[in-house]
Amino acid sequence: MIELDSSDQLYNAKKDHSSDNSSMLKGVVILEALATLQQPATLSQLMQITGMPKASLHRTLAIFEEAGLVTREPGGRTYAPGQRLATLAMSTLTHDTVSAVRHTILRKLVADLGETCNLAVLRRGELFYLDRVEANWALRLHLPPGTVLPPHCSASGKLLLAFKSADERSKILENLPLEKFTHRTITDHDLLASELERIVSTGYAVDNEEYVLGVSCVAVPVRDSMGEVVAAIAVHAATARLPLNQAMEHIPKLKEVAEKISQTLS
């Protein structure tokens, strides 16, 4: 029987610890890949990205799937971020130190405009409110942070769709049910496509009572350090108090604030 001296035991302990760290880091790489890719990933794609052998990768994915971090798409051949990972990502965005800075910027905007403003992103084909500050009016639409809306009937949703790549936009629109909420809701795919082109050319989007009658909205893009549109900032109000044409007068201020929020993303 061969006994290990203390130096051998220490070496083996370090080696095991290093192996554990390597596995954990590769697990993080898997989650990063799934979060970054614009479509579900196959096992072979993830093998190429992570450099992990098939058996190890499959075992790790099974653990993540059981934990709700990863989900298998119908058919079982591709993987996508799970609900738990999506929830974790949104919690990070809405509860970090930088989000407090963005919230302060949003509060100042509401104080300046006297109307409710929000910050939103497009998540898996739906508009998701990251943050929202309500103006102190009795007549208002209550949509707290975390609210999800269809993108085709909101200013922010249309804006974020418009600035997607042509391929990604087409994929979303192909599967987007254009539900009618008011008589002003755009329910024709060709008309919506034309509206999205107009948004790209003008740099802003409007909701002309398309989700709720009597409520209009104007949105402008928020860009990251690479110039990509990653969010939208918007003001909305009852048309009886702020008609759409008057709301559009706030576009320069919205763009000014969008630039300030962009600086928190770099």
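Readers should treat all values here as calculations from the given coordinates under stated rules, not as data from a laboratory. This one's a predicted model, so the numbers in the text were calculated from it and none came from an experiment. Here Cβ is always computed from backbone atoms with ideal geometry, including for glycine, and neighbour counts include all displayed protein chains.
Could you work out how far the C-alpha centroid of the stretch 120-134 sits from that of the stretch 189-266, in angstrom?
When both Cα centres are located, 13 Å separates them.
May I ask you to order 178-188, 161-171 by the average number of other C-beta atoms within 10 Å around their residues, highest value first?
161-171, 178-188
So, by mean Cβ neighbours within 10 angstrom, what's the order for 103-110, 193-200 with the highest one leading? Don't skip to the end; give the middle numbers.
Values: 103-110: 17.4, 193-200: 15.6.
The densest-packed peptide leads the list: 103-110, 193-200.
Does a label point 7 Å from the Cα of Thr147, set along Cα-to-beta-carbon, have any residues of the stretch 238-253 with amide nitrogen under 15 Å, and which are they?
Once the point is set 7 Å along Cα→Cβ of Thr147, 238-239 turn out to lie under 15 Å by backbone N, inside the stretch 238-253.
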